[in-house]
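The values are calculated or read from the model by the stated rules, or taken from the named source; none is laboratory data. Note that the coordinates shown come from a computational prediction; the quantities given were computed from them, not determined experimentally. Ideal geometry is used to build each Cβ from the backbone, glycine not excepted, and the neighbour counts take in all protein chains shown.
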């Protein structure tokens with residue numbers, strides 16, 4: 001029985017699009033870590049169903065982990081675990097990015113060599129390795145910013161847990177201690193790490209929004225994910241405006257921001273677990 005040889009398109013013919021599946025186990029593991037990180041990072045929101053030591057309406061979430069608060073160790077443990085999961089996921093995604101880019105480069109090199117010898121073969125022209133983070137674009141600049149933001153978010157969250165506040169800063173007696181200079185260095189460090197974590201999570205959200213707005217076959221952010229990411233940005237801006245204009249702590253806005261951040265992390269993780277990752281290429 002004669003096996004027919006595949007028909008090759010004539011030289012110079014327009015290549016057709018192909019998509020190769022790329023879903024290594026590391027992608028699933030990173031996805032699971034992002035989902036867990038989103039769930040754990042949201043754990044302080046249990047204060048809405050269980051009376052806590054501070055009012056959610058006019059306090060920071062960080063106050064729940066202040067050394068002087070009862071049960072604060074549990075919130076610090078949750079922050080530390082969430083940060084470690086985020087950082088590990090960022091490392092895994094970085095490995096996936098580097099590996100995918102290397103494979104794409106090798107395919108392009110092999111294809112160029114094949115063309116020079118006049119042999120037929122698959123050619124990947126301009127195909128970028130897809131985003132290992134399912135919600136992000138395959139374009140390297142946005143991808144790199146997103147993964148860097150994820151890593152910084154993880155590190156800052158771990159530092160939040162390692163350097164907690166001494167006392168709940170929304171309460172007058174704690175404010176008096178701050179003014180008297182009677183708080184520890186960790187108290188001041190926590191303020192810096194909290195701002196860093198917020199900045200990193202907002203940067204990550206911006207990358208997801210870019211992936212959702214600039215639609216193309218290489219972008220995988222869904223409308224829901226982009227909307228949640230936009231929620232992170234809007235609540236961050238709203239928090240800052242409220243704080244500056246009304247000189248108060250918009251606790252509800254901060255908690256809504258945290259909920260949106262957690263939803264974005266879970267969405268990104270689900271995208272990885274489901275294998276919503278492709279390598280756009282062209283066959284020649």
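Structure notes:
- Residue check for residue 197: under 23 Å from residue 158 (Cβ atoms) and at pLDDT 75 or above: yes
- Failed criterion for residue 201 (all others in (1) part of a helix (DSSP H, G or I); (2) at positive phi hold): (2)
Let's see how each residue does on (1) more than 23 Å from residue 248 (Cβ to Cβ); (2) touching a helix residue (DSSP H, G or I) at 6+ places or on another chain (Cβ under 7 Å); (3) not in a helix (DSSP H, G or I):
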site: 54; (1), (2), (3): no, yes, yes
site: 57; (1), (2), (3): no, yes, no
site: 63; (1), (2), (3): no, no, no
site: 78; (1), (2), (3): yes, yes, no
site: 82; (1), (2), (3): yes, yes, no
site: 88; (1), (2), (3): yes, yes, no
site: 93; (1), (2), (3): yes, yes, no
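- Listed conditions (1) at pLDDT 80 or above; (2) not in a helix (DSSP H, G or I) are all met by residue 268, apart from (2).
- In the set 44, 24, only one residue is surrounded by 21 or more Cβ atoms within 10 Å (Cβ to Cβ), at pLDDT below 90 and either under 27 Å from residue 152 (Cβ atoms) or under 26 Å from the mean Cα position of the chain (by Cα) (or both); that residue is 44.
- So residue 50, is it modelled with pLDDT under 65, within 20 Å of the chain's Cα centre (by Cα) and on the phi < 0 side of the Ramachandran plot: no
- Residues of region 170-188 that are in contact with a helix residue (DSSP H, G or I) (Cβ under 7 Å, 6 or more places away or on another chain) and at pLDDT 90 or above: 183 alone.
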